[in-house]
Each structure stands twice: as structure tokens, then as C-alpha cells.
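*Asks:* Questions regarding the structure given below will be posed in turn.
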Amino acid sequence: MSIKDYYSILGVGKQATEDQMKSAYRKLAKQYHPDLNPGNKQAEEKFKEINEAYEVLSDKKKRAQYEQVKEAQSRGYDFSNARQGTGQRQSYGGSGGVDINDILSGMFSGMGGGAKKGKQDFGQFENIFDMFFDNNTSTAREEDASPTVGDDVTVRIEIPFALAMSGGETIIKVPRDAVCDRCSGTGTEPGAKVATCTTCGGRGKIQYAQGGFIINKTCPRCGGRGKASSLECARCSGSGTARETQKIRVKVPQGVFDGAKIKIKAQGDMRPGQQGRGSLYVIFKVEDGGYTRENDDIYYPLKLTKKQAEKGMEVKVPTITGGIIMKVPAKTENGKLLRVKGRGAVNMKSGIRGDFYVKVKVK
Ligand SMILES: [Zn+2]
Ligand SMILES: [Zn+2]
């Protein structure tokens, strides 16, 4: 959990005088003022951030409190613990026994906004955290897993019945994240200068607290690299990640059933900084082709007239392994099943074929 760096937001040094800060603030406020940047969400956020930074740093008391919180953190106070309690006081256990709640409380009461002085409650933390900590949207838990490979991608494809029965290959199009090829993932327009990302202060992450959790997310501006340029890559808008559609040859297992899922390693997403691609999952939708499948048995409907069923006849039937001539006995009734052993679908695991059934339908 890190605290916003108000100095770098204003672009001033830690020893900046009141006049220096005022001048820096005026310059930035002018640059990012919403009136001058209509509809620009980024400029609006920036403008808010600048105002917040100036509000704290220009006020002697708030600035001192801000320094105290920063100092407490640098001495090891874990603010995420403060977030987990609902109202209990938590003391900083280091030298001097600083009570972080006193700092936060004092700080908050100096800010206005509904705090009751001297009373620690959950709501206060919320406001304090909103005030001093960076903003964002996924949980710290996700971040802790710190994936070195990209996310998995799932693609559904529809294949003909015959292909499912025989097995084979097909080519699918996989939309996925890739390292931008224009900027090689740097997010910077080729040739442009690169500097520390002002959104995350170079940490590559932005954080804030919400609903009792520390929320932690890769910085959207620099994509986690901590560096960004004023001139963003024209293809990926500075994220370093671009979408691509990759054609991938997929093996269709013999006997694959409707809804079957296969995993193909290292064909999923990959973003800058990751060591490899996530997995690709392919889910098969098998067209019925006029057949019905039950486990590995295949059912084929055979329509006969009353006369044909009464007399019996020879008929050509398309089984899974090719056409056969089948004898329909005399006096065959509606719904009768005629079995052809070992001519059904191949079981994906055992490799054993099911049976083929002709289901007689008498009109
Ligand atoms: Zn790019
Ligand atoms: Zn950043």
C-alpha cells in the first residue's frame, strides 16, 4: 500500500517553497483545467489530483500530517491492517509508539468532510485512504499471485458432425492480448522520450481501498512498466498491449463430443512484462448432422412406410465408418432399434467405439 506522491504530482521537490508550489500548481491547473480539455477524462482526473495535492501541500498543518503518514509507512506501518479492522485502534508498534489512528484522525479532522474529531471509525479510514492513496479496481489478492504468464483465453468453435467422428484438424481465429508490435510493449511512440509515469509515480501499480479490501491494479497508463511517454504509441495508446487475432491450427480429437473442452498451452494472452502466454481453451460445438449421440452410441432415424415395415426390406444406412446395406426384417414396428455393433463414435479417452443404432420410424 503506498501513499500518493503529492510532490511528484505537482512536479516539485520535497523542499519546495510555498511560492514554488503555487506556481507549479497554477501552471498545471491551467494545463489540465476541464474547460480547456472538454470531454477529456484523463485531464479531468489529473486536474482533481493536482488540486488535491495542492490542497494538502499548501496547508502547513495538512502537509505536516501528510509527512507523518508517509513517515509511518516508511517505518513499516502496514496500512492494509488499518483497513481490516472496523473501528479498533491499531497502534504502530515501532519506536516512539506512534498511534497511526491519531495521525489519521488528526489529519482527517483537518480536512473536513464529516469526521468526528477524536473518534476512530471505519468511515474515517475510508476517507483518509481515498484522500492519500492511489485509486483503482482489482483486489490485492489477484496481484499477489503475480502471474508471469498471461490470462487464459477461451474460444468456442462449431464443427461438422463428420469431422467430430473422424477427428482431424481445423484452423481457428483466436482474439488475444499481445505485446504491441509497434512499440515492442513500451507504450511509447517509436523515437519519443520516456520518463517516469506520473499516474503511478513509477511503481507500475495503482492502489486504493474499497469495501474493506486493498484494491490493487496494474497502472493503466504505463501498463505496469513505471515509465511512460508524453507521446503514446499510436497503436496501443500507451498501454504496450495490443489485441491481435491469431490463426491457430487445432487438432480435433476423434470422437469429440458436443461441449468437450481441450487445452492448448501457451496460446492465450500475453502482456508486456509477462514471461509467456496463458492457455487457450477450445470448446467444441458439434453439429448434429441428423444423428443423435448418447454416450458413444449413435442413433440414426430410418423412415419407413407402413408397407415397407410390414414387408421388410434392404436399406443403405450411413454409419460412422461408412455406408452399409442393412436388412430390415418383416413386421418391424415403429420405434424398433436395429443395432450395428462397433460402428458408433470413438470414446475420446478409451478409444473404443460405441454402437450404431438404426431407429425405425413408421409413418
Ligand atoms: Zn504500442
Ligand atoms: Zn504508470
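*Asks:* Looking only at strands (runs of 3 or more DSSP E) that fall completely inside the stretch 283-363, which ones have 2 or more residues that are touching a strand residue (DSSP E or B) at 6+ places or on another chain (Cβ under 6 Å)?
*Replies:* 297-304, 313-319, 322-328, 337-340, 356-362
*Asks:* Something else: From G191, G202, grab the single residue that is over 30 Å from T319 (Cβ atoms), at pLDDT 85 or above, within 15 Å of ligand 1 (Cβ to nearest atom) and of a type in the set (G, A, S).
*Replies:* Selected residue: G191, the only one of G191, G202 that is over 30 Å from T319 (Cβ atoms), at pLDDT 85 or above, within 15 Å of ligand 1 (Cβ to nearest atom) and of a type in the set (G, A, S).
*Asks:* Could you please give the count of residues in the stretch 265-289 that are farther than 28 Å from G187 by Cβ and either crowded, with 19+ Cβ neighbours inside 10 Å or basic (K, R) (or both)?
*Replies:* Total satisfying the criteria: 4.
*Asks:* Working carefully through the options G185, G224, G114, find the one that is farther than 20 Å from I9 by Cβ, within 16 Å of ligand 1 (Cβ to nearest atom) and either modelled with pLDDT under 85 or not in a helix (DSSP H, G or I) (or both).
*Replies:* Answer to the selection: G185.
*Asks:* When you scan the stretch 227-253, how many residues do you find that are of a type in the set (G, A, S) and away from ligand 1 (no atom under 13 Å from the Cβ)?
*Replies:* Residues that pass the stated criteria total 1.
*Asks:* Just one of T319, T292 is within 46 Å of the chain's Cα centre (by Cα), crowded, with 16+ Cβ neighbours inside 10 Å, farther than 30 Å from P175 by Cβ and polar (S, T, N, Q); which is it?
*Replies:* Values: T292 fails: crowded, with 16+ Cβ neighbours inside 10 Å.
Of T319, T292, the one residue that is within 46 Å of the chain's Cα centre (by Cα), crowded, with 16+ Cβ neighbours inside 10 Å, farther than 30 Å from P175 by Cβ and polar (S, T, N, Q) is T319.
*Asks:* In the stretch 167-182, what residues are farther than 19 Å from G204 by Cβ and not in a strand (DSSP E or B)?
*Replies:* Of everything in the stretch 167-182, those that are farther than 19 Å from G204 by Cβ and not in a strand (DSSP E or B) turn out to be G167, D181, R182.
*Asks:* Sticking with this one: Consider the stretch 198-233. How many of its residues are surrounded by fewer than 17 Cβ atoms within 10 Å (Cβ to Cβ) and among the aliphatic types (A, V, I, L, M)?
*Replies:* Selection size over the stretch 198-233: 1.
The values are calculated or read from the model by the stated rules, or taken from the named source; none is laboratory data. Here the structure is a predicted model, which means the values were calculated and not measured. For neighbour counting, all protein chains shown are included, and Cβ atoms are generated from backbone atoms with ideal geometry for every residue, glycine included.
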